[in-house]
Structures are given as structure tokens and as C-alpha cells.
Amino acid sequence: AQKIIIDTDPGQDDAVAILLALASPELQVLGIVAVAGNVPLALTEVNARKVVELSGRTDVPVFAGRDRPLSRELVTAEHVHGKTGLDGIELPAPTLPLQAQDGVDFIVETLRTHDAGTVTLVPIGPLTNIAEAFRRAPDIIERVQQIVLMGGAYFEVGNITPAAEFNIYVDPEAAAEVFAAGVPLVVMPLDVTHKALTDRAWVEAMRALPGRCGPAVAGWTDFFERFDTAKYGSLGAPLHDPCTIAWLLDPDLFQGRHINVEIEIEGRWTTGMTIADWWRVSGRTPNALFLKDVDRDALFDMIHDRIARLP
Ligand code: BDR
Ligand code: CA
């Protein structure tokens with residue numbers, strides 16, 4: 001199985017991504033590391049443990065990483081995800097303990113103890129923990145197989161400012177360091193994830209699944225959809241973060257280009273913008289597979305069928 005570490009700020013769509021990964025035998029989730037993002041770390045680490053417990057996979061350890069961006073104040077998104085970050089259903093307080101080890105140290109240790117090129121990082125929140133791990137232990141950079149992340153936007157521009165996508169905007173310095181690190185990058189921007197919209201029939205099919213995970217996903221996406229309909233006039237909830245896991249399971253669902261992507265860290269209006277050289281006009285070396293399209297129906301079939309396997 002493909003070994004991965006999920007770095008996350010749950011988040012309803014993060015939660016669906018975690019469930020999708022835990023339902024998939026092709027992936028071995030070595031650990032889940034929480035980061036500050038959608039809500040503060042004290043909530044994201046609890047939410048991550050709630051989701052792992054819901055999945056029944058309490059063999060997967062959960063860690064807490066950094067509680068703030070490298071050099072900025074934390075910006076959160078309760079307006080999207082609710083006060084808890086995981087509004088939509090009530091889950092019991094988790095009994096799964098938080099690991100004592102620092103989440104960034106876990107990333108470093110895992111990359112050092114597994115064979116080089118065998119561990120993939122899947123960041124679906126701000127890139128703070130990944131950048132911090134690379135700062136603490138530059139020797140691990142060349143050991144990372146690839147980074148498959150949700151973040152950025154090109155044609156779809158921004159969702160937190162007119163120019164920037166939330167995950168990159170919250171910690172642009174971290175993003176800039178990760179994008180410059182030389183690790184193979186797969187980037188799932190809003191251009192893809194705003195096409196990954198739930199519809200009524202899918203949500204009701206999830207709600208009708210016999211276990212507890214399907215109805216949980218329906219509750220989360222219903223909450224998320226209420227937000228999004230008001231803001232974007234779109235009919236469904238965007239499942240941003242599950243696209244990263246889906247790419248690992250079936251990259252043929254997605255289309256994009258190998259291009260150069262730089263992160264704006266000092267723009268007057270554009271801080272956190274992903275400067276994606278789609279038309280290859282800069283001459284800069286490509287550093288990312290930047291995706292643009294997804295087979296939406298196949299993606300939702302995959303998520304449904306996988307989550308149906310969970311309790
Ligand atoms: C990203 O920001 C968060 O709100 C979501 O969980 C996703 O990772 C989308 O911009
Ligand atoms: Ca997220």
C-alpha cells in the first residue's frame with residue numbers, strides 16, 4: 001500500500017478526505033497530523049480524533065502540529081465550517097488519545113525511518129507543519145516521495161480574498177517554502193474542487209448508507225452546502241480535500257499540466273495567490289502538476305462506494 005501522512009485542519013471536507021483514505025486498502029495512513037486553519041489547533045486535533053474514531057480505525061495515530069502560521073496571525077474560517085469546525089452532526093468527545101509526540105516531529109521521524117521515496121505527504125490545510133518539518137530537518141526533503149495538496153487557484157481565483165485560496169493564504173510563507181523545496185508536487189486548486197460539488201441525490205444516498213459514516217458525511221455536506229449556496233449560488237458543497245485522496249487512488253480522474261507555480265507573499269492585493277504559469281510564459285522550471293479538471297461523476301461514485309465500506 002501507498003504510505004501517506006495526512007496533514008489536516010478538519011473541516012467537513014477534511015473529514016470526508018480522512019474517511020476516504022481510511023476506507024481505502026491501497027493507502028496506509030501512517031498518521032494524521034492536525035494543524036491550525038479552519039479553526040484553532042485545539043479544535044482541529046479533537047476533530048481529527050473524532051473522525052478517526054467514527055471510522056473505527058483507532059489504530060491510526062493522531063498528532064497535533066503547529067498552532068499558528070510561521071510568521072503571521074492565524075486566520076480561521078468559522079464562517080464556512082461553523083464554530084467547531086465540524087458543524088453538521090454531533091459526535092461524542094473522542095476517547096482516542098492525542099499522541100504525546102509533537103506532530104511536526106512525527107513527520108520528521110517518519111520520513112527518516114521509512115525508506116526514502118516511500119512516504120507521500122497529503123496536506124489539506126495550511127502548509128505550516130510541512131514547512132516547519134523541512135526547516136527542522138532539511139535532510140527529510142529529498143526523502144519525501146511527493147506532496148499531494150489541496151490549495152491555490154488559477155482561473156477560479158480566490159475564496160478568502162479575491163486573489164487567494166484559504167490554505168495558501170493562511171500561511172503563504174510556509175507555502176512558498178514548500179513550493180520551492182524541490183519535492184514533486186501535485187496541486188488540487190479551486191479550479192478542480194469547485195467542480196467537485198455534491199448534489200441532492202448523492203447526499204441522500206450517503207444518508208441512506210447502513211453504517212454511521214455515510215449519514216455523517218451527509219450531515220457535514222448539508223451544513224457546508226447551506227454556506228455555499230448563499231455565497232456562491234452553487235447547488236452543492238465543494239468536496240475540496242477528498243480530491244487529493246481520490247488522485248492517489250485514481251489519478252486518471254483528473255487532468256492538469258506540469259507547470260511552474262510560485263506563491264505571492266508580499267502582494268498588496270494578492271498575498272497568498274498561486275502564480276500558476278498555465279501557458280508556460282515565464283520560462284521557470286515546472287515544479288507542480290497543477291490540476292484543472294475532474295471527472296465529477298466518477299469522483300462521487302468513488303467516494304460513495306468507499307465510504308459504504310466503513311462502519
Ligand atoms: C480549503 O480551505 C478549507 O476551508 C477547506 O477545508 C479546504 O482545505 C478550501 O479552500
Ligand atoms: Ca482543509
Legend entry - Residues with amide H under 5 Å from that of Q28, placed H, sequence gap 5 or more: Q2, K3, I4
Legend entry - Charged-residue dipole, Cβ positions (Lys, Arg, Asp, Glu), the chain about Cα centre, Debye nearest 20: 100
Legend entry - Amide H contacts of I263 (H built 1.01 Å from N, under 5 Å, at least 5 apart or other chain): I275
Inset, instruction - For the chain, with a Gaussian network of springs between Cα atoms less than 10 Å apart, report the residue from T161, T274, T128 with the top mean-square fluctuation. - result: T161
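Ignoring chymotrypsin sites (Phe, Trp or Tyr not before Pro) that are buried or in helix or strand per DSSP, and keeping those with at most 14 other beta carbon atoms within 10 Å, what is the longest stretch of the chain between them? Could the numbers behind the result be given before it?
On the way: sites that count: F155, W269, W279.
Between exposed loop sites, the widest span is 1-154.
Relative contact order for the chain: what is it in percent, counting Cα pairs under 8 Å that are at least 6 residues apart?
On the way: 739 pairs, mean separation 61.7, N = 311.
Result for the chain is 20 percent.
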Inset, instruction - Filter the trypsin sites (Lys or Arg not before Pro) in the stretch 216-273 to those in DSSP coil with at most 11 other Cβ atoms within 10 Å of their Cβ, and list the result. - result: R268
Inset, instruction - At a Cα cut-off below 17 Å, give the aspartates and glutamates reachable from K3, other chains included and same-chain residues fewer than 8 away excluded. - result: E26, D59, E109, D115, E142, D250
Legend entry - Sparse-neighbourhood loop sites, trypsin sites (Lys or Arg not before Pro) in the stretch 60-90 - DSSP loop, at most 10 other Cβ within 10 angstrom: K83
Inset, instruction - Just subtract the alpha-carbon distance of W279 and R296 from 0.36 nm times their residue separation and send over the number in nm, one decimal. - result: 3.7 nm
Inset, instruction - Pull up the cross-link candidates among the lysines for K292, meaning alpha carbon to alpha carbon under 17 Å and not fewer than 8 places away within one chain. - result: K195
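Bear in mind these aren't lab numbers, they're just calculated from the coordinates by the rules spelled out. Note that the structure is predicted; figures quoted are calculated from it, not measured. Don't worry about glycine lacking a Cβ; one is built from the backbone with ideal geometry, like all the others, and counts go over all protein chains shown.
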